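Reading through the structure tokens given below for one structure.
Nothing in this text is a laboratory measurement; each read-out follows from the coordinates by a stated rule. Note that the structure is a prediction, hence the values are computed from the model and not measured. Ideal geometry is used to build each Cβ from the backbone, glycine not excepted, and the neighbour counts take in all protein chains shown.
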Amino acid sequence: MRHAVIAATGLYTPPHTLTNAELVATFNAYVERFNARHADAIAAGEVEALTPSSEPFIEKASGIKSRYVIDKSGLIDPDVMRPVIPERSNEEISVLAEIAVAAARQAIEAWGKPVSEIGAVICAASNMQRAYPAMAIEVQQALGIDGFAFDMNVACSSATFGIKTAADYIATGSAKAVLMVNPEITSGHLNFCDRDSHFIFGDVATAVIVEAADDATPGQGWDIIGTRLKTVFSNNIRNNFGFLNRAAPEGVGAKDKLFVQEGRKVFREVVPMVSEMIVDHAGDLGLDPTALKRMWLHQANINMNDMIGRKVLGRDPSPEENVIILDEYANTSSAGSIIAFHKANDGFAAGELGLICSFGAGYSAGTVFVRKR
């Protein structure tokens with residue numbers, strides 16, 4: 001069995017920044033128009049008036065201050081309230097594949113080896129642009145990679161599930177190196193007309209190269225010393241959009257065809273599940289979780305991350321120990337923990353430990369303990 005190494009990572013950040021102030025201004029303009037249009041029904045008690053949003057509300061609820069998006073024009077127009085991303089011809093690269101390739105090229109450059117060394121491509125993300133052909137195969141073709149490729153979706157945990165899968169392929173000799181990409185245009189599944197969630201998501205793409213330790217450049221990368229996955233079914237985070245919607249046209253456009261969640265229930269149920277999973281996994285590996293130098297957790301909500309950090313370390317973690325990037329990027333689903341790892345993995349001496357951890361819809365959770373080479 002060959003041991004696996006995270007050899008390199010890449011990050012594509014979209015060109016447009018959308019601040020809380022811009023988002024609130026658009027949402028509140030929509031609310032004002034909605035309430036004016038339905039004034040009589042609201043007065044009669046037939047329609048519930050919408051409540052405006054605010055910057056303090058968003059930051060207190062989530063810790064998010066800004067986000068990057070593929071398209072901004074539709075998100076600051078109260079008559080549109082969705083990203084505007086024109087369809088492309090079948091002869092053009094798909095937008096999801098395009099941003100995945102951009103992140104992958106950065107990872108490949110950092111890796112410093114030819115793509116001929118890569119034997120598999122995994123596109124692990126919360127939403128695929130289409131059912132088939134697989135986004136991963138399109139990325140594979142664009143980069144000139146041989147071997148095989150496939151898509152996988154475990155919502156916000158897709159990246160850790162992808163790393164685990166890549167490490168297993170390394171262990172069994174199915175590939176010498178695996179490229180795992182996480183293109184997330186989460187603005188496409190977000191209901192910007194919902195006060196409780198209109199601020200949550202941002203767009204991004206990340207990439208991770210996992211290779212066999214025997215082939216890795218000495219002193220480069222991170223040994224994967226343990227991976228663990230967990231799923232527990234829950235309806236508390238859901239998106240019912242799918243191909244069978246056309247078989248029930250009465251439901252087309254309903255709120256549940258976009259992202260919906262019961263946020264308080266998610267908080268109460270996921271925080272203890274993930275905290276216990278981290279501590280138990282560390283124990284089974286013979287590791288002291290309080291000795292972790294850094295945690296790169298899924299970036300969904302600063303309050304969740306703070307509480308998980310406290311439960312794992314047994315004290316309040318420092319900003320260097322519990323990396324937060326969601327203030328700048330917002331929730332980017334599967335990419336969040338990888339952004340944190342990519343941007344804040346410096347300052348480690350050989351042998352020091354870190355943890356990449358994701359959690360989200362499913363419920364799903366994944367832990368990847370790593371050691372600096």
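Based on every Cα atom in region 197-241, Rg and the maximum pairwise Cα distance Dmax equal 17.8, 46 Å. In a fully extended conformation the segment linking Val80 and His3 would gain 22.8 nm over its present Cα-Cα distance, using 0.36 nm per residue.
Shown here are the Rg and Dmax of the Cα trace of region 33-118, at 21.7, 68 Å. In units of the rule-of-thumb radius 2.2 N^0.38 Å, region 249-335 shows an alpha carbon radius of gyration of 1.33.
Beta bridges from DSSP with both residues in region 269-373: antiparallel share about 60 percent, rounded to the nearest 5.
Once the Cα atoms of helix 20-37 and of the chain are each reduced to a long axis, what angle between those two axes, in degrees from 0 to 90 to the nearest 10, is obtained? The answer is roughly 30 degrees. Quick one: Debye curve from the alpha-carbon atoms of region 150-281 only, equal weights, vacuum; give me log10 I(q)/I(0) at q = 0.18 Å⁻¹ to two decimals. One equal scatterer on each Cα of region 150-281 leads to -1.16. If you wrap the Cα atoms of region 243-291 in a convex hull and average its projected area over all directions, you get 5.9 nm². Inter-label distance, Asp256 to Leu285: 3.8 nm, where each label sits 7 Å from its Cα along the C-beta direction. The C-alpha atoms of the chain define a longest principal axis, and helix 95-111 lies at about 30 degrees to it.
For region 123-227, relative contact order (Cα pairs under 8 Å, six or more residues apart, normalised by length) works out to 26 percent.
Net charge dipole, the chain: roughly 560 debye, given to the nearest 20, about the Cα centre with Cβ charges of +1 for Lys and Arg and -1 for Asp and Glu. Using alpha carbons only, how many degrees (0 to 90, rounded to 10) separate the axis of helix 158-172 from the longest principal axis of the chain? Helix 158-172 and the main axis of the chain meet at about 20 degrees. Relative to its Kirkwood radius, the Cα radius of gyration of region 304-373 gives an Rg/Rh of 0.95.
What is the spin-label model distance, in nm, from Asp316 to His189 if the labels are put 7 Å beyond Cα along the C-beta direction? Placing both labels 7 Å along Cα→Cβ, they lie 3.5 nm apart. Candidates Ile64, Ile76, Ala134 compared by Cα position along the dipole of region 53-137: farthest toward the positive end lies Ile64, with charges placed on Cβ.
Packing-based ranking of 306-317, 173-184 yields 173-184, 306-317, ordered from highest to lowest mean Cβ neighbour count within 10 Å. Under Stokes-Einstein, with the Kirkwood radius over Cα pairs as Rh, the value for region 68-122 at 10 °C and 1.306 mPa s is 114 µm²/s.
Pairs from the list Lys60/Lys293; Lys265/Lys343; Lys164/Lys372; Lys265/Lys311; Lys113/Lys372 with a Cα-Cα gap above 22 Å: Lys60/Lys293; Lys265/Lys343. For region 1-76, applying the loop criterion from DSSP together with a ceiling of 14 other beta carbons within 10 Å to the chymotrypsin sites (Phe, Trp or Tyr not before Pro) yields no site.
When the chain is treated as a GNM with alpha-carbon contacts under 10 Å, the residue of Leu50, Leu244, Leu258 showing the greatest mean-square fluctuation is Leu244.
Put the Cα centre of region 202-217 next to the Cα centre of region 256-325 and the gap is 23 Å. For the chain, the relative contact order comes to 23 percent (Cα pairs under 8 Å, sequence separation of at least 6).
Which percent, nearest 5, of DSSP beta bridges in the chain are antiparallel? In the chain, approximately 70 percent of DSSP beta bridges are antiparallel ones. Convex hull of alpha carbon positions in region 225-370: directionally averaged projected area 9.7 nm². Computed from Cα atoms alone, the Kirkwood hydrodynamic radius reported for region 50-183 is 16.9 Å. Give me the tail of P(r) for the chain as a percent: Cα-Cα pairs with distance above 40 Å. Beyond 40 Å sits 14 percent of the P(r) for the chain. DSSP finds beta bridges in region 99-234, and of those with both partners inside it, around 45 percent are antiparallel.
Where nothing but the Cβ of Lys and Arg (+1) and of Asp and Glu (-1) is charged, how large is the charge dipole of region 38-114 around its Cα centre, in debye to the nearest 20?
Numbers: 8 positive and 13 negative charges, 121 e Å.
Dipole size: approximately 580 debye.
Given R0 = 56 Å, the distance between the Cβ atoms of Asn90 and Val47 translates into a calculated FRET efficiency of 0.80.
Only helices enter the 222 nm calculation for the chain: every DSSP H run of n ≥ 4 contributes -39,500 (n - 2.57), and dividing by all residues gives -10000 deg cm²/dmol, rounded to 500. When the chain is treated as a GNM with alpha-carbon contacts under 10 Å, the residue of Lys164, Lys293, Lys65 showing the greatest mean-square fluctuation is Lys293. For the options Ser158, Ser333, Ser275, a Gaussian network treatment of the chain with springs between C-alpha atoms closer than 10 Å singles out Ser275 as fluctuating the most.
The alpha-carbon positions of region 154-213 define a convex hull whose volume is 80 Å³ per residue.
Computed from phi, the 3J(HN,Hα) profile of region 344-355 under the Karplus parametrisation 6.51, -1.76, 1.60 (θ = phi - 60°) reads 9, 10, 8, x, 9, 8, 4, x, 6, 9, x, 9 Hz, with x in place of Gly and Pro.
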